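Right, one structure below, let's go through it.
What follows is calculated from the coordinates using simple rules that are stated; it is not laboratory data. Model, not experiment: these values are computed from the prediction. Cβ placement follows ideal geometry from the backbone for every residue including glycine, while neighbour counts extend to all protein chains displayed.
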Amino acid sequence: MTLPRRHFLFGGASLAALALSGCATTGNTRQIAEGPATVPQQYLDMYAARPEERFPIPAADISKLDPKYWRQEVADPTGEQPGTVVVDTGNRFLYLVSENGRAMRYGVGIGRDGFAWSGRAKIQYKREWPTWTPPSEMIERQPELEPYRRGMEPSLLNPLGARALYLFQNGADTLYRLHGNGDVLSIGRAVSSGCVRLLQQDIIDLYNRVPAGSPVLVV
């Protein structure tokens, strides 16, 4: 069923407010509910190890994850134009709208309370195995990040993971990213400092589907 349009209306957010956030994980990511005992082979294949990557990615243990957050094609609930990326922060889903009323849905982790944001933007550019540079405001809050003021080199430990999509609003960098993440238990939760995180296998899939310039709506 298509959700009412008002469900996807969004509040304004100034760039000054947006600039206060980055992409580091904070807080406890303890899973509350047990995952399924078995995972269908198609999903095991979907989230299998990626040894061909610059930094080999291990398989994601999605048995610890609610199956609704596994990547899957669904009826589009957004009403947006094909090619639009829609992040439903309330339900922890990201949709890539396709033709014929369908969408690819991914589970995501979002910013914790106090760093939530919403609005329209576009993917200005994309990067494989990006460098992560925490904003000055984040370093002030977390002085332990000082060694990375000039950037953290790509690796499996880099908060941006295997891929990052950089969101700009009205021509200015929002400092928010759609990016990879190796922590299965963070999906479906509000744990990051604002950015939208997907499992490594999912961000690679999304990265390969969306070109630079694609519109993004975060609600």
| note | Residues whose built amide H sits under 5 Å from the amide H of Ala190, excluding neighbours closer than 5 in sequence, are Ile110
| message | Which of Arg127, Arg197 has the fewest other C-beta atoms within 10 Å, and how do the rest follow up to the most? | response | Arg127, Arg197
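Determine the gain in length on full extension of the stretch Ser136-Val74; use 0.36 nm per residue of separation and subtract their C-alpha separation, reporting nm with one decimal.
Roughly 18.4 nm would be gained on extension.
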| said: If I stretch the segment between Asn91 and Ser118 completely, what's the gain in nm (0.36 nm per residue apart, minus their alpha carbon distance), one decimal? | reply: 8.3 nm
| task | At 0.36 nm per residue, minus the direct Cα-Cα distance, what do Glu144 and Arg54 gain on full extension? Give it in nm, one decimal, please. | result | 29.7 nm
| field | Percent of Cα-Cα distances greater than 19 Å, calculated over the range 104-219 | value | 45
| task | Rank these for me by crowding, Ser193, Ser118, going from fewest to most other beta carbons within 10 Å. | result | Ser118, Ser193
| note | tail above 21 Å in the computed P(r) of the range 44-122, as % of all Cα-Cα pairs, reads 43
| field | Distant-in-sequence amide H partners of Thr133 (H built 1.01 Å from N, under 5 Å) | value | Met152
| request: Would you order Thr78, Thr131 from fewest to most other beta-carbon atoms within 10 Å of each residue's own beta-carbon? | output: Thr131, Thr78
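Please give the net charge around Arg197, taking every other residue with its beta carbon less than 13 angstrom from that of Arg197, where Lys and Arg add +1 and Asp and Glu add -1.
+3
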| said: Can you give the local net charge around Arg177? Use residues other than it whose beta-carbon is closer than 12 angstrom to its beta-carbon, Lys and Arg +1, Asp and Glu -1. | reply: +3
| task | Estimate the FRET efficiency between Asn170 and Arg102 by the formula 1/(1 + (r/R0)^6), using the beta-carbon distance for r and 35 Å for R0, to the nearest 0.05. | result | 0.70
| said: Check which residues have an amide H placed less than 5 Å from Gln72's amide H, if you skip close sequence neighbours. | reply: Arg105
| Computed E for Gln81/Gln42 - FRET, C-beta separation, R0 25 angstrom, nearest 0.05 | 0.30
